[in-house]
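What follows draws every value from the coordinates through simple rules; no lab data is involved. As the structure is a prediction and not an experimental result, all values here were calculated from the model. No Cβ is skipped: glycine too gets one built from the backbone with ideal geometry, and neighbour counts run over all protein chains shown.
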Amino acid sequence: QADDDYYFAGEYTKVIPNNGDYEPVGSVLVNEEASERAFAGIDNDLRYHFNLPASLKPTDQLMVTFDANNLHNDALDPQYGIEVYFNNELVQEEIVIFPENLDTDYTTPPFTLESVGAEVGPGFDNIITLKGINYNADGGGNWMGIDYIQLDPIPQPVFPLAIGLDDDGWPVGDGGGINA
């Protein structure tokens, strides 16, 4: 049964302070089978729980990408808003989705682990929250479906330094050669 809290396989024994006071679920042996796929009416919070790899550092940058794939389209002016939070810290201000914006990938600005209070390793319950903003009272419709959500690291830049690359002809004393 899909609900508003999706858990990836992991250990959830420690609450991250930004996420409030609640009882962690403990061990989750396998990824849950399904997640709630839409905002509807007053049900506008979708939470995704996960552990971050211990290899990440506080200054590493992440970004969240999502896609809305359907919208209550028989409304007068179909639209639905969405915000993205990481550990209850806003990482994407509201984006209003209209029918022409469906099937568009939206990516948050980069943020660091330390800026959102993220913790690494087993036990820590990091949470991405998608918050829907319903415009039904204004003729905007009563629901919006989510196709996917994805968390990605931003890799450290690789500088294009290539000193000595393919330099197999080093004459004695001064370097260089036919490939220098």
Filter the stretch 120-137 down to the residues that are part of a loop (DSSP other than H, G, I, E, B) and more than 16 Å from the chain's Cα centre (by Cα), then identify the one that is nearest to residue 27 (Cα to Cα).
122
Those residues of the stretch 81-110 which are within 22 Å of residue 6 (Cα to Cα) and either in contact with a Cys (Cβ under 8 Å, 6 or more places away or on another chain) or among the aromatic types (Phe, Trp, Tyr) (or both) amount to 85, 86, 106
Can you confirm whether residue 6 is of a type in the set (Ser, Thr, Tyr) and in contact with a Ser or Thr (Cβ under 6 Å, 6 or more places away or on another chain)?
yes
What number of residues within the stretch 14-57 satisfy the criterion of being on the phi > 0 side of the Ramachandran plot and either among the polar types (S, T, N, Q) or outside any strand (DSSP E or B) (or both)?
2
Selection count, the stretch 79-91, where residues are surrounded by fewer than 20 Cβ atoms within 10 Å (Cβ to Cβ) and part of a loop (DSSP other than H, G, I, E, B)
1
Single condition residue 151 does not satisfy, out of (1) more than 25 Å from residue 42 (Cβ to Cβ); (2) loosely packed, with under 15 Cβ neighbours inside 10 Å
(2)
Could you tell me how many of the residues in the stretch 107-137 are of a type in the set (D, E, K, R), surrounded by 15 or more Cβ atoms within 10 Å (Cβ to Cβ) and over 11 Å from residue 84 (Cβ atoms)?
2
Residues being out of contact with any helix residue (DSSP H, G or I) (no Cβ under 6 Å at 6 or more places or on another chain) and either closer than 23 Å to residue 12 by Cα or β-branched (Val, Ile, Thr) (or both) - total across the stretch 52-70:
13
Going residue by residue through the stretch 70-78, is there one that turns out to be in contact with an Asp or Glu (Cβ under 9 Å, 6 or more places away or on another chain) and assigned to a strand (DSSP E or B)?
yes
Going by what's in this entry, would residue 19 be described as closer than 26 Å to residue 134 by Cα, in contact (Cβ under 8 Å) with a residue 60 or more places away in the chain and buried (at least 18 other Cβ atoms within 10 Å of the Cβ)?
yes
Can you report the number of residues in the stretch 60-82 which are of a type in the set (D, E, K, R) and closer than 15 Å to residue 134 by Cβ?
1
Among the residues of the stretch 138-148, the number that are assigned to a strand (DSSP E or B) and crowded, with 16+ Cβ neighbours inside 10 Å is 4
Which condition breaks for residue 8 when tested against (1) closer than 18 Å to residue 124 by Cβ; (2) surrounded by fewer than 16 Cβ atoms within 10 Å (Cβ to Cβ); (3) over 17 Å from the mean Cα position of the chain (by Cα)?
(3)
Inspect the stretch 52-74 for any residue being within 15 Å of the chain's Cα centre (by Cα), among the polar types (S, T, N, Q) and surrounded by 19 or more Cβ atoms within 10 Å (Cβ to Cβ) and give the result as yes or no.
no
